[in-house]
């Protein structure tokens, strides 16, 4: 990989990892309703990417269904999870999209895995269990369960998207944004309260967090990553994208003062080792399975 492209990939992973922390700060510390925050993000993406909506892609009904899965449902679960879980733990747990995608490619696409990927899948889930389960209190992190569910839904959406004609990354982002913001606003105003007042009172830092998610993550991050996908094989990119959870852990500890516990260290090592094993083994039916949700809606 060219040095310039490696630096670009590092920047993309840094932006994705930082956004987990920014979102955690917005929905937890600043108490912005998470579904409303997700709705604003998709509205902003749809507005910024209006030119990419044309011409209308084929299979619009399937695209709508995929958009709801990898957009509305995935991100609402993710943001609710971040309201109740540390960003550092969520950064690792979110990587379950990789084993979930591999398992679904087995079930629905006929992918065959051997013992190495089977061990990788086992390690990925075992590491998350170590992080989420507190044996001292016999409790499970409530927020991380939402993160696991969001990873599952995002992976399922990726499987459905596999059956669609391929469209460009920014075009996909534009349609996901268009189809996602209205259901999220409707759900937010049905179950959340004081959305507008809380958001406005949050001030410029909260507004900047929205702008960062829209322009930095969805527009820059996703377009840059798709440009790299056109130049390099998935087998090269997928292991390097593990920089994303590492950045998420670093920023969570440095910016939000999250604790660096033995459980987090051990669980991260075990889980990310499993994800790395999966990423290094080619998936014949669905190569992008090694990227988890990055090949669909993008990362967080």
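Quick check: from the Cα gyration tensor, does segment 130-249 come out rounded (a/c under 1.5), prolate or oblate? Verdict is oblate for segment 130-249.
Taking a ≥ b ≥ c as the square roots of the eigenvalues of the Cα gyration tensor, an a/c ratio of 1.5 or more together with a/b larger than b/c marks segment 161-201 as prolate.
Quick check: from the Cα gyration tensor, does segment 55-202 come out rounded (a/c under 1.5), prolate or oblate? Because a/c hits 1.5 or more and a/b fails to exceed b/c, segment 55-202 counts as oblate. Pairs of Cα atoms nearer than 8 Å and 6+ residues apart set the relative contact order; for the chain it is 40 percent.
Roughly speaking, what is the centre-to-centre gap between segment 85-125 and segment 150-224 when only Cα atoms are used, to the nearest Å? Cα centroid to Cα centroid, the span is 23 Å. When each of the peptides 148-158, 273-283 is scored by the mean number of other C-beta atoms lying within 10 Å of its residues, the order from highest to lowest reads 148-158, 273-283.
What's the ranking of 74-80, 223-229 by average number of surrounding C-beta atoms within 10 Å, highest first?
Highest mean packing first, the order is 74-80, 223-229.
Highest mean packing first, where packing is the average number of other Cβ atoms within 10 Å per residue, the peptides 103-109, 64-70, 191-197 line up as 64-70, 103-109, 191-197.
Estimated from helices alone, the mean residue ellipticity of the chain at 222 nm is -21500 deg cm²/dmol (sum of -39500 (n - 2.57) over DSSP H runs with n ≥ 4, per residue).
Coordinate-derived values only; no laboratory data. From a predicted model like this one, the values you see are computed outputs, not experimental measurements. Because the Cβ atoms are built from the backbone with ideal geometry, glycine has one as well, and the counts that use them run over all protein chains shown.
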